[in-house]
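Data block below; observations after.
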Amino acid sequence: MAQPVAALIPAAGRSRRMGRCKALLPFGDRCAIERVVATLQAAGIEEILVVLGPTGGETARVLAPTAVRIVWNTNPDSDMASSVRLGLEHLSPGAGGVMVFLADHPLVGVATVKALLGAHSLSPETIHIPCLGGKKGHPVLFPRAVLSEIRTLSTLRDVCRKDPARVDLLPVDDPAILHDLDTPEAYLRALAWWQAADGGAPP
């Protein structure tokens, strides 16, 4: 039986370019990180870790009713890779892989997450990256075999570039894999796309 995949949501950044916490940006009656958690749970992922920074108290309160585990990154100047490495320290030993799901990609569909899980079940030693029109997106599913490299290499991009032969670019019909929330303009674009595509429906 295949080992279950866990999910890790790095959300410890300061959101400098956005000017406010990206994880708490509203999409209807739920904020971005609530949508991410709901999508992961709807896809069947049970173990979900969220890495929060020193100013993540409000995000922690929002997530309190959920079943996620919160890991605190106390270094205010750490990067995303550092948060991922910290989260991996709290990963269950039975996890067969980790889906790194950024909090600023809240519109990714359940079908996309399930497609990544399906690809992992067929090729459990491969890094699976969703793509649309030749463009790579998020989330990315890392197999257990490469987790030690995440702990030693500088960035997740370095892990993917180390051996292109072990990387699967999985075509998906989901523009949301490319929608981030890095700036106020990006948020407004993502919000407009969501309202037009889904009519404000939940994932």
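How about the stretch 146-176: which of its residues are hydroxyl-bearing (Ser, Thr, Tyr), over 17 Å from residue 125 (Cβ atoms) and surrounded by fewer than 13 Cβ atoms within 10 Å (Cβ to Cβ)? 152, 154, listed by residue number.
Only one entry in 128, 138 is crowded, with 19+ Cβ neighbours inside 10 Å and part of a loop (DSSP other than H, G, I, E, B), namely 138.
Just one residue in the set 59, 66, 55, 74 is in contact (Cβ under 8 Å) with a residue 40 or more places away in the chain and part of a loop (DSSP other than H, G, I, E, B); that residue is 55. Answer yes or no: is there a residue in the stretch 1-13 that is part of a loop (DSSP other than H, G, I, E, B), crowded, with 20+ Cβ neighbours inside 10 Å, in contact (Cβ under 8 Å) with a residue 24 or more places away in the chain and of a type outside the set (A, V, I, L, M). Yes, the stretch 1-13 contains at least one residue that is part of a loop (DSSP other than H, G, I, E, B), crowded, with 20+ Cβ neighbours inside 10 Å, in contact (Cβ under 8 Å) with a residue 24 or more places away in the chain and of a type outside the set (A, V, I, L, M).
For residues that are of a type in the set (Val, Ile, Thr) and touching a Cys at 6+ places or on another chain (Cβ under 8 Å), scanning just the stretch 134-170, find the one that is farthest from residue 36 (Cα to Cα).
Kept after step one, since they are of a type in the set (Val, Ile, Thr), are these residues of the stretch 134-170: 140, 146, 150, 152, 155, 159, 167.
Narrowing the set further to residues that are touching a Cys at 6+ places or on another chain (Cβ under 8 Å) leaves 140, 167.
On the way: 140: 14, 167: 24 Å.
That would be 167.
Looking only at the stretch 143-163, decide whether some residue is modelled with pLDDT under 95 and part of a strand (DSSP E or B). Among the residues of the stretch 143-163, at least one is modelled with pLDDT under 95 and part of a strand (DSSP E or B), which makes the answer yes.
Determine, yes or no, whether residue 192 is modelled with pLDDT under 95 and either assigned to a loop (DSSP other than H, G, I, E, B) or surrounded by fewer than 13 Cβ atoms within 10 Å (Cβ to Cβ) (or both). Against the criterion (modelled with pLDDT under 95 and either assigned to a loop (DSSP other than H, G, I, E, B) or surrounded by fewer than 13 Cβ atoms within 10 Å (Cβ to Cβ) (or both)), residue 192 qualifies. Whenever a residue of the stretch 173-186 is of a type in the set (Asp, Glu), its partners that are in a loop (DSSP other than H, G, I, E, B) and surrounded by fewer than 14 Cβ atoms within 10 Å (Cβ to Cβ), lying with C-beta atoms within less than 7 angstrom and at least six residues away or across chains, give the pairs 182/17. Given the criteria within 21 Å of residue 32 (Cβ to Cβ) and touching a Gly at 6+ places or on another chain (Cβ under 8 Å), does residue 124 qualify? No; evaluated as a whole, the condition is false for this residue. Is the stretch 42-53 home to any residue that is of a type in the set (Val, Ile, Thr) and closer than 20 Å to residue 77 by Cα? Looking for residues that are of a type in the set (Val, Ile, Thr) and closer than 20 Å to residue 77 by Cα, one finds at least one in the stretch 42-53, hence yes. Comparison of 118, 87, 97 shows that the only residue that is touching a strand residue (DSSP E or B) at 6+ places or on another chain (Cβ under 6 Å) and farther than 17 Å from residue 36 by Cβ is 97. Tallying residues that are over 18 Å from residue 97 (Cβ atoms), surrounded by 20 or more Cβ atoms within 10 Å (Cβ to Cβ) and either at pLDDT 95 or above or not small (Gly, Ala, Ser) (or both) within the stretch 19-48 yields 10.
The values are calculated or read from the model by the stated rules, or taken from the named source; none is laboratory data. Remember, it's a predicted structure, so these values are computed and weren't measured experimentally. Virtual Cβ from ideal backbone geometry, glycine too; neighbours counted across all protein chains shown.
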